[in-house]
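Notes follow once the structure below has been shown.
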Amino acid sequence: MSIRKSRDWFSPDYMEQKPKKGASHGLHPLDNYLRKDRIPHIWCPGCGLGIILNAYLRALKDSDIAPEDTAVVSGIGCSGRAAGYVDVDSFHVTHGRAIPFATGLKVGKRDLVTTVFSGDGDLFAIGGNHFIHAARRNVDFNVICVNNFNYGMTGGQAGPTTPTEAPTSTTPWGGFEQPFNLPAVAAGAGAVYVARWTTYHVEELIKSLKEALDKKGFCFIEILSPCPTGYGRKVGLKTGVTTMKHFKENCVVDNDADPTEVGLDPNKPKSKIIVGKFVDREAPTYQDERGKVFEAARKKLGVE
Amino acid sequence: MMKPGVHFMDGNTACAEGAIAAGCTFFAGYPITPASEILERIANRFPELHGSYLQMEDELASITAILGASWAGRKAMTATSGPGFSLMMENYGLGLMTETPCVIVNVMRGGPSTGLPTKVAQGDVMQTRWGTHGDVGVIVLVPSSPQEMFDLTVEAFNMAEKYRLPVILLSDEMVSHMTEKVEIPPKEELNIVDRKKPRDPPSEFLPFCPDEDLVPPMANAGEGYGVHVTGLTHDEEGHPSVDEKTQNMLVTRLIDKIRKNADDILKYEEYKTEDAEIVIVAYGSVYRSAIEAVDMAREQGYKVGLLRPITIWPFPEERIYDMARNGTESFLVAEINFGQIVFEVERCTAGAAKTYLAPKMGGSIHTPEEIMDRIVAIDQEKIPDFKE
């Protein structure tokens, strides 16, 4: 890959240096959805983010939503880089703030199909408060949480989903904090759609993502994903393949499971994993409810 | 928009009406004294205007939501006070880096920390300049009356749209809670500026490639441009880069965008400065005492004038430099803090005049007599300059 150098805005040959957009290398069926000049991506070998981005783009393609009507908002971290690879309006904002940014974007332009694509640390540690409030409001966008059980980008530190027995660079003497059960947090806060899959469950994941794209309201999908570099190699899941085997052997699909009962083992990195679509209910969205109240206000005021 | 004509309203209400007049249709905020009246007014007015009022979970979310709304094509605003303003520093930086037009109102109250929630101070002046990390160029407007809460809010939106950045309206508790005559001009007399739109088709458009004024045209989300926006250092395509040259070009441009357009942005006002030997520098609510102090001093035969920065950033540095070289012997900075703008004034005099400070820790504004006492003391050489 050639690294494009920044051009001098005022140089005479500037026009010639302008990037040629849209020139496909024709190797991938999702080329039209990718910023091809940004590929290859920065993710490590064995990382699950490629599978997840692929699944999201396939869902987008299948759902007949035009790319120009779509926006992706990401926070900071490995998952946060997804926004930079999708060829739609995409926003790579500050750590933890993808959800409030998406709230402004979606409420500002209600026809924009908006997806937050970020990681467990970004969404549930620094951004946890925003997450529960967006779910409570039932703002109409989707949140894809790539859960790799650690802070990968910064070098494998413990986070809000790390099991206590997993050694990390900031728990060298052992962990002692209880991790979140993310589907329970989402369901408890009011999400209308809650699912959990792993990077092994590609078809189910695509189906779930498509359902979320088509559904009105706050939809949450947790995706367990391998991070051999930052986490897996320390917990006996040395490569992407070993993690995928672990997912294959230990996952149980239970669509009717109570979200409060699907918590992973808080202590052991390798445990039984319940996956499935746990919540899929109807509720008026933030925009719908506000529309009703404002409509009534206008009637009272006698204005259009 | 409100009916044009003369109204009797407080500063915060005038600010909300100014925002509405400027075309603001998106507001996200979190209640805080002494800024809450802005939220309340907007919440009351927006249904009829088809605007979006969002009460967020905190100020981090408030400012981030208005950045999102701005990229959705809306004119957006938030309002807060010290503690909330501190929380906003993170995404104020994101707004500056991503060149997102919006307006942030900070109604200053006593600090540090929770401080004096219901009373006036001016301790956030340097925070507006340097509060977010990294090097930035900023625009900050300081109103001194409810009328200016209206006028400068309109101006803040215009500057935000023209120069593509979050503009700060730096009010204080006194100005915000003061009720006075506010004249609202007819719609056709208001000058409203909108952001530049792309002229190139999406296939050729570079979202962070500036025109000669160093400001890039802006493609909103959903307009088919597939823009990538990042808080990382980015090239003119908007793509992240760790290249030193890109960092140099981007940050230099973000600063130059304000610096080189300062003549267009800069606003200040003078009163009786033609022959002044002592020039008072005051802004915000303190200006109102200072102008009276000038008249008191003149009556007693002192040659005193007043310089009021209206844009505190950029600062009227050349004007102070000129004054210091053309007869002004002393500058007296009256501000409700322990000295913030005084350092700016001293820097601008470059040693050609003395600089004095009339500090106040917050809770009330200076009385004209307090400022007058300082003038007498300066004249009698009874106070050392502020560093001694």
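Quick look at the values:
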quantity: Relative contact order (%) - criterion: Cα under 8 Å, at least six apart; region: segment A:42-301; calculated: 20 percent
quantity: Paramagnetic label zone (point 7 Å from Cα along Cα-to-C-beta, B:HIS133; backbone N under 14 Å) in segment B:72-103; calculated: B:89-94
quantity: In Å, descending, principal axis extents of the Cα set of chain B; calculated: 69, 48, 41
quantity: Cα gyration tensor shape of segment A:159-202, rounded if a/c is under 1.5, else prolate or oblate by comparing a/b with b/c; calculated: oblate
quantity: FRET efficiency, A:THR170 to A:CYS44 (Cβ-Cβ, R0 25 Å, nearest 0.05); calculated: 0.80
quantity: Distribution of pairwise C-alpha distances over the protein assembly as shown, 20 Å bins, in %; calculated: 18, 45, 29, 8, 0
quantity: Residue order, fewest to most beta carbons within 10 Å, for B:TYR287, A:TYR193; calculated: A:TYR193, B:TYR287
quantity: Rg over Rh, two decimals, segment A:164-274 (C-alpha only, Kirkwood Rh); calculated: 0.98
quantity: Inverse mean reciprocal Cα-Cα distance (Kirkwood Rh) of segment A:99-155, Å; calculated: 11.9 Å
quantity: Peptides ranked, highest mean first, by Cβ atoms within 10 Å: ranges A:174-180, B:64-70, B:214-220; calculated: B:64-70, B:214-220, A:174-180
quantity: Those residues of segment B:356-387 whose amide nitrogen sits under 11 Å from the label point placed on B:GLN300, 7 Å along Cα→Cβ; calculated: B:369-380
quantity: Euclidean distance between Cα centres, segment A:44-68 to segment B:256-335, Å; calculated: 59 Å
quantity: Quotient of C-alpha Rg and 2.2 N^0.38 Å, computed over segment A:57-129; calculated: 1.06
quantity: Computed log₁₀ I(q)/I(0) - Debye formula, equal Cα scatterers, no solvent, chain A, q 0.07, 0.11, 0.12 Å⁻¹; calculated: -0.29, -0.67, -0.79
quantity: Segment B:11-107 - convex hull of alpha carbons, volume per residue in Å³; calculated: 78 Å³
quantity: Structure-based [θ]222 nm, chain B - -39500 (n - 2.57) summed over DSSP H runs of at least 4, per residue, nearest 500; calculated: -11500 deg cm²/dmol
quantity: Descending Cα extents along the principal axes, segment B:95-215, whole Å; calculated: 53, 41, 19
quantity: Cα-based shape type of segment B:266-379, given that a ≥ b ≥ c are square roots of the gyration tensor eigenvalues and the cut on a/c is 1.5; calculated: rounded
quantity: Selected from A:THR70, A:THR242, A:THR171 as most flexible by GNM, with chain A as the system and alpha-carbon contacts under 10 Å; calculated: A:THR171
quantity: Cut-off 9 Å between beta-carbons: net charge of the residues surrounding B:LYS360, Lys and Arg +1, Asp and Glu -1; calculated: -2
quantity: Peptide B:234-241 - average C-beta neighbours from other chains (10 Å radius); calculated: 5
quantity: For segment B:54-92 versus segment A:103-170, the gap between their alpha-carbon centres in whole angstrom; calculated: 19 Å
quantity: Charge tally in the Cβ shell below 9 Å around A:ASN147, where Lys, Arg are +1 and Asp, Glu are -1, A:ASN147 excluded; calculated: -1
quantity: HN-Hα J in Hz across segment A:296-304 - Karplus 6.51, -1.76, 1.60, θ = phi - 60°, x for Gly and Pro; calculated: 5, 4, 5, 4, 4, 7, x, 10, 6
quantity: Per-residue average of Cβ from other chains inside 10 Å of B:43-50; calculated: 4
quantity: Highest average packing first - A:132-140, A:292-300, Cβ atoms within 10 Å; calculated: A:132-140, A:292-300
quantity: Anchor A:LYS216: lysines whose Cα lies under 20 Å away (excluding residues fewer than 8 positions away in-chain); calculated: A:LYS61, A:LYS106, A:LYS109, A:LYS207, A:LYS277, A:LYS292
quantity: Computed FRET value (nearest 0.05) for A:LYS238 with B:ALA350, which takes r as the C-beta separation and R₀ as 56 Å; calculated: 0.30
quantity: Rounded Å value of the spacing that divides the Cα centres of segment B:158-228 and segment A:238-302; calculated: 38 Å
quantity: Net charge over other residues, Cβ less than 12 angstrom from the Cβ of B:MET88 (K, R count +1; D, E count -1); calculated: -3
quantity: Extent along principal axes [Cα atoms of segment A:224-278; Å; largest to smallest]; calculated: 33, 20, 14
quantity: Simple label model, 7 Å out from Cα along Cβ direction - A:ASN267 to B:GLU292, nm; calculated: 7.2 nm
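Read-outs: derived from the displayed coordinates by stated rules, not from any lab. Keep in mind it's a predicted model, so treat the numbers as computed, not measured. Quick reminder, even Gly has a Cβ in these numbers, built from the backbone with ideal geometry, and neighbours come from all protein chains shown.
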